[in-house]
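The values are calculated or read from the model by the stated rules, or taken from the named source; none is laboratory data. Treat the numbers as computed from the prediction; the structure is a model and nothing was measured. Every residue, glycine as well, gets a Cβ built from its backbone with ideal geometry; the counts of neighbours run over all protein chains shown. Heavy atoms of the whole protein, side chains included, go into the accessibility calculation; ligands, DNA and RNA do not. Shrake-Rupley method; radii C 1.70, N 1.55, O 1.52, S 1.80 Å.
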Amino acid sequence: MSIGLPRMFSLHASLLGLFLFGAPAAGATDAPSGPTLVRTYCSGCHLEHGGSFERISSIRKSPEGWVMTLFRMHQVHGLALPEDAHDGIVRYLADTQGLAPSESAAGRFALERRPNARDLDLGPDLAAMCGRCHSLARVALQRRDADDWLKHMHFHVGQFPSLEYQASARDRPWWTIATTELPAKLGSLFPLNSAAWTAWSQGAHRELMGSWVVVGHEPGGRDLYGTAEINTDGHGGYTARYRLSDTRGGTVGGESHAIVYTGYEWRGRGELGGRASREVFAVSEDGSRISGRWFDPDHEERGGDWTAVRADAAPQVLAVLPRSMKAGSSGPITIVATGLPAGPELSLGAGTTVRITSVEAASVHAAVEVATDAAAGARAVTIGRASAAGQFAIYQHIDKVDVTPGFAIARVGGGKTAAVTAQFEATASTHDAAGKLVELGPFTADWSTKPFDAEAARTHDETFGGAIEPGGRYMPAGAGLNPVRDYSGNNTANLKVLARVHDGDVAVEGDSHLIVTVQRWVTTPIY
Amino acid sequence: MRMTTRGLLAVALVAVTTAFAIAPPARAGDLLLTAAKPDRLYVIDTATRSVRSEFRIPNAGAHITTIVPSPDGKVAYVLVNRMESISGINLKTGREVFRADLSVPGERVKDFCAFTITPDGKELIVYELPTKLLPNEYRVEEPRFAVFRTNAGLKAKSIRAYSAPRRLHLMLMRPSGKSFYAIGVDLYEYDVASGKLLNTRGIQKWDLVAHSQPDLLAFWPVTEPTGVFTSPVISDATAGGITAMKTGLMSLDVVSGALDFADFEDTSALIFSTVLAPDRKFAYGVYSTLTKIDIEHHSLAQRVPLDHTFYSVNIATDGHEIYMGGAMCDVAFYDPQTLQKRANLKLPGCGDQSLASLRVIPAR
């Protein structure tokens, strides 16, 4: 029973997270060094012993993790930190006490603020002990030894005394577990010292200046491709200029200003297609690829996947758009690739006839005809010296439609808090000759909702919750009490989301589960 | 056995105004105590269903929870200041006559709703959860019971302390004054003078045949008018291969020490708190419904929906009326027979009562 304990712990205001994307201070050359900043602002409470600072030097975390800690030092412990000192400390600590790329890999979805992401599976004990208030990614994005994990457990209960009384805590000896077996377990799962970090922190990392080929996909929306020019900003950061095309037509320009923390954590602020954007990208260990997610700062749930590869990289196919074609159909196709020769040859495999219509720096456009009797299945794509498997398929008919995410949460909006929308995407698949399901990529669909169960039907959730737009985005209704509902309820809803994909005369349906719930007052950089 | 209340909690955050439909009966009534944010203590005359006094509690920190009246009904001890202070308010004058600020520099102390008073009114026993605030570290210390003299004035310091288990949320004095009950993971009984643990009886360790570990969370130390404390308990019960979530009633007679547990329904509504009627035939529970529980037959007698949620419930000393408070600023008066609303009193200023206790001081 989770008796609704009124929330007695206070949480962050929502503004924090965006600090990271700030521009570096101009004239960074005469800015005080990292150790000097920590000595100045932290050593009053965190005593220094031979260059290491109590507590601070015992922890490694992501840039967002350091921002959250500094926010608490300010909000709870009264530390006054000017903005440039703040940025300098985050940068210094993320660089010298960060996570190696392999250490942050599992939790990246949280840094990227992916909506409706599945949390890490660290076993049922940690899920119940830690995973009910925040993601386990928040835990997995830190490194400490057992003694400091123990101190952090003391912080949790000291700061949030209601913790032990809440559901999933009061059914077990929470404090005993948290102070005996857990610190050791966390210390071995996520220890302060690691070979990966030693190697990463001592290695040299490639500069990112130069030309890059970019592909981006916005779920339910558009596919983008084009180029990025990356330059230094003269202060240890980067600027990027984007020239992209939208497969639905038109061009998308953009630019961004980024700081790269820990040698690979790209945090950019800019705009894309006239809309403000934030970038949470990771540079691959060899410095050849930048990937991650961009999003709208006011609607973090809106954004897309991003991949950039150096334009002079070895020939490779980055995207085939669209990802599938139906037998007997004809139409245009775009191949995004690096290392394109002057007059490239394009092949889409058996049953296709291809005529190249134009060639750009990193993309080839062609008119394709698919034979009526072309066999269903995946096709290898070859362009110039690059080839790729699993990026293109032919189908005779759509056999299955999946809606992603399979479970989503949307939140009503109102007052100062914008609604949190939920973006769905329909993807189709077909069986190949061997009976194997082959993915065909995203499809447009007719979207609708219906009550998830009898109770949702009784309370008219479909009417009150909001509405789904033609592109598969669910817009929740306004917050506040609706006097027409039972107990003057909020416009919460429990819905099934249906996508009908048309394949000639037949329609294939897929569904997902959507909960529309109340506003969340707090958004933290790592959920 | 987890029940989600998100939907329920999402609803109803604003009071629904109800006109005084029925004229109050003219009889000498009990006094009702409740409190609301940021710092108000209300004395309500149940005969006229009106606020007799509205007192301001100094330095309440915009947070008021447990109310424990002195046995003579003259002073109300109120847990305020984010559970870090107990303020004693004289109910005639409104003056603060007692104050214990539990935290000291370097040590933050919270009382998670649990404290009680000896029958002679001379000592308060307070559950303390201390945390040492070191320069760059918090250190959670072992909980303790701290004893304060009620005549210690406004700078009261504890005169003795003894160790206590973690996770308590309620304390109830026994009328003998020799021992008190503490409710948390289990039901403990302690000796007042020595602080010795006299016995432990199950809550989580209840050995209920074919039941899962029960869940109980109660912040409302109500034993009036019967001397019996009751609280809803949830567990999963398995019968004939089928497992169902059950709501039961835990009842503890602080006079005799009798402890009882009985399921009365397949859980179909959440109940925050209950009170036993003076005839001991029915108990009443509230949250988003008002529930009448048949004690003899262990069954659900009646249930009506409420305008919004209420956290705390109490009953007239003679049983003629049910009182509801907690959450928002309504105090509602209901008919125990029909479960119909007789009247609704909106507290002046309309502060949120939240987890404040709703206590009855019998007419004298």
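The stretch between residue A:345 and residue A:330 holds 3.5 nm of extra length on full extension. This uses 0.36 nm per residue minus the Cα-Cα distance. Of B:74/B:155; B:122/B:246; B:92/B:122, which pairs sit farther than 30 Å apart, going by alpha carbon to alpha carbon? Over 30 Å apart, Cα to Cα: B:122/B:246. When only the Cβ of Lys, Arg, Asp and Glu is charged (+1, +1, -1, -1), the dipole of chain A relative to its Cα centre reaches about 620 debye. Residues of the range A:131-153 buried by at least 30 Å² of accessible area upon assembly of all protein chains, compared with the chain on its own (1.4 Å probe): A:151. FRET efficiency for the residue B:262 to residue B:132 pair, using the beta carbon distance and R₀ = 41 Å, is estimated at 0.40. Label points 7 Å out from Cα along the Cβ direction at residue A:365 and residue B:320: separation in nm? Using points 7 Å along Cα→Cβ, the separation is 8.8 nm.
Compared with the dominant principal axis of the Cα atoms in chain A, helix A:146-159 is inclined by about 80°. Note on residue A:43 and residue A:147: their simple-model spin labels are 2.1 nm apart, each label 7 Å out from Cα toward Cβ. When +1 charges are put on Lys and Arg Cβ atoms and -1 charges on Asp and Glu Cβ atoms, the dipole computed for the range B:212-352 relative to its Cα centre reaches about 260 debye. Cross-link reach is defined here as a Cα-Cα straight distance under 13 Å, omitting same-chain residues fewer than 8 places apart; for residue B:178 the aspartates and glutamates meeting it are B:120, B:123, B:189, B:191. Computed from phi, the 3J(HN,Hα) profile of the range A:434-439 under the Karplus parametrisation 6.51, -1.76, 1.60 (θ = phi - 60°) reads 7, x, 8, 6, 10, 6 Hz, with x in place of Gly and Pro. In order along the range A:90-102, the phi-based Karplus estimate (6.51 cos²θ - 1.76 cosθ + 1.60, θ = phi - 60°) of 3J(HN,Hα) comes to 4, 5, 5, 5, 5, 6, 9, 9, x, 10, 5, x, 5 Hz; Gly and Pro are listed as x.
Estimated from the Cβ-Cβ distance and a Förster radius of 22 angstrom, the FRET efficiency linking residue A:271 and residue A:207 is about 0.35. Partner shielding of A:160-169 amounts to 4, given as the average count of beta-carbon atoms from other chains within 10 Å of each residue beta-carbon. Take the accessible area of chain A alone and of chain B alone, subtract that of the pair, and you get about 3600 Å² summed over both chains, using a 1.4 Å probe.
Each residue of the range B:213-222 was assigned a 3J(HN,Hα) from its phi angle through the Karplus expression (A = 6.51, B = -1.76, C = 1.60, θ = phi - 60°), giving 4, x, 10, 9, 9, 9, 10, 10, x, 9 Hz with x at Gly and Pro.
Averaging the Cα positions of each part gives two centres, and for the range B:225-253 and the range A:258-337 these lie 56 Å apart. Distance between the 7 Å Cα→Cβ label points at residue A:189 and residue A:402: 2.6 nm. Judged by the mean number of other Cβ atoms found within 10 Å, the most tightly packed of the peptides A:441-447, A:190-196 leads the ranking A:441-447, A:190-196. Applying a 4.7 Å Cβ-Cβ cutoff to the protein assembly as shown, the cysteines left without a disulfide-compatible partner are A:42, A:45, A:130, A:133, B:113. Determine the shape class of the range B:75-205: with a ≥ b ≥ c the square roots of the Cα gyration tensor eigenvalues, call it rounded for a/c under 1.5, and otherwise prolate if a/b is greater than b/c, oblate otherwise. Oblate. Rounded to the nearest 10 square angstrom, residue A:87 shows an accessible area of 40 square angstrom against a 1.4 Å probe. Of A:316, A:167, A:388, which is farthest on the positive side of the dipole of chain A, counting Cα position, with +1 on Lys and Arg Cβ, -1 on Asp and Glu Cβ, and the Cα centre as origin? Among A:316, A:167, A:388, the one farthest towards the positive end of the dipole of chain A is A:167. What FRET efficiency would be calculated for the residue pair residue A:106, residue A:199, taking the C-beta separation as r and a Förster radius of 22 Å, to the nearest 0.05? Efficiency, rounded to the nearest 0.05: 0.75. Each Lys and Arg adds +1 at its Cβ and each Asp and Glu adds -1 at its Cβ; summed about the Cα centre, the range A:400-517 shows a dipole of about 480 debye. For the peptides A:253-264, A:418-429, the ranking by mean Cβ contacts within 10 Å, running from highest to lowest, is A:418-429, A:253-264. Projecting the Cα atoms of B:150, B:259, A:517 onto the dipole axis of the protein assembly as shown, where Lys and Arg carry +1 and Asp and Glu carry -1 at the beta carbon, places B:150 farthest toward the positive end.
Specify which residue in the list B:320, B:247, B:299 is farthest towards the positive end of the charge dipole of the range B:212-352, using unit charges on the beta carbon of Lys, Arg (+1) and Asp, Glu (-1), about the Cα centre. Working it through, the farthest residue towards the positive pole turns out to be B:320. Solvent-accessible area of residue A:450, all protein chains in place: 90 Å² (probe radius 1.4 Å, heavy atoms, ligands and nucleic acids excluded).
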